[in-house]
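Peer 1: Structure provided below as structure tokens; questions to follow.
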Amino acid sequence: VQLQAFGGGLVQPGGSLRLSCAASGSIFSISAMGWYRQAPGKQRELVATISSGGSTFYKDSVKGRFTISRDNAKNTVYLQMNSLKPEDTAVYYCRIVAGTTPVNYWGQGTLVTVSS
């Protein structure tokens, strides 16, 4: 199973980016999907998650600015990020929980830099 994350880059404050993460290989029974981030010198933190039923959870600081969604047919999770702030700068990682005995799969990370 491989997770490939795309969409990071350099953006000015107030700008937008859309991250995507596609799972490939022998993956089935995907339950939760989510995005995490790790800023320089800090621990990895949860940004947003989405359940198999579509229920979402967001870190307080991104509520109203970020939207997580998923396409089950494509085994893909998205993160639409609007009104970006410099403090959103980090490497963003996707995580998928899958299998009848749940297993965590992590993407390789994509760098988001918010700077003028």
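Peer 1: Which count do you get for residues in the range 1-45 that are farther than 24 Å from Thr100 by Cβ and among the aliphatic types (A, V, I, L, M)?
Peer 2: Qualifying residue count for the region: 6.
Peer 1: Right, next: Looking at this structure, is Ala23 more than 10 Å from the chain's Cα centre (by Cα), open to solvent by less than 30 Å² (accessible area, probe 1.4 Å) and modelled with pLDDT under 95?
Peer 2: Details: more than 10 Å from the chain's Cα centre (by Cα): yes; open to solvent by less than 30 Å² (accessible area, probe 1.4 Å): yes; modelled with pLDDT under 95: yes.
Criteria met by Ala23.
Peer 1: So the check is Cβ under 6 Å with 6+ separation or different chains; which pairs have a first residue in the range 1-22 that's free of Cβ contacts under 8 Å to residues at least 40 places away in the same chain and a second one that's loosely packed, with under 13 Cβ neighbours inside 10 Å and among the polar types (S, T, N, Q)?
Peer 2: Final answer for the pair search is Gln2/Ser24.
Peer 1: Residue by residue through the range 59-78, note down the ones that are touching a Phe, Trp or Tyr at 6+ places or on another chain (Cβ under 8 Å) and within 14 Å of Ala32 (Cα to Cα).
Peer 2: Result: Ile68, Ser69, Arg70, Asp71, Val77.
Peer 1: For the range 43-72, give me each residue that is open to solvent by 70 Å² or more (accessible area, probe 1.4 Å) and in contact (Cβ under 8 Å) with a residue 24 or more places away in the chain.
Peer 2: Arg44, Asn72, listed by residue number.
Peer 1: From the list Tyr93, Tyr36, Tyr105, Tyr78, pick out the single residue that is open to solvent by 30 Å² or more (accessible area, probe 1.4 Å) and touching an Asp or Glu at 6+ places or on another chain (Cβ under 7 Å).
Peer 2: Numbers: Tyr93 fails: touching an Asp or Glu at 6+ places or on another chain (Cβ under 7 Å); Tyr105 fails: touching an Asp or Glu at 6+ places or on another chain (Cβ under 7 Å); Tyr78 fails: touching an Asp or Glu at 6+ places or on another chain (Cβ under 7 Å).
Answer to the check: Tyr36.
Peer 1: Could you list, ordered by first residue, the pairs with Cβ atoms under 8 Å in which the first is in the range 24-36 and without any contact (Cβ under 8 Å) to a residue 60 or more places away in the chain and the second is among the hydroxyl-bearing types (Ser, Thr, Tyr), at least 6 apart or interchain?
Peer 2: Taking only residues 6 or more apart or on different chains, the pairs are Tyr36/Tyr92; Tyr36/Tyr93.
The values are calculated or read from the model by the stated rules, or taken from the named source; none is laboratory data. Source: prediction; values computed, not measured. Quick reminder, even Gly has a Cβ in these numbers, built from the backbone with ideal geometry, and neighbours come from all protein chains shown. Quick note on the areas: whole protein, heavy atoms, side chains included, nothing else; ligands and nucleic acids left out. Shrake-Rupley method; radii C 1.70, N 1.55, O 1.52, S 1.80 Å.
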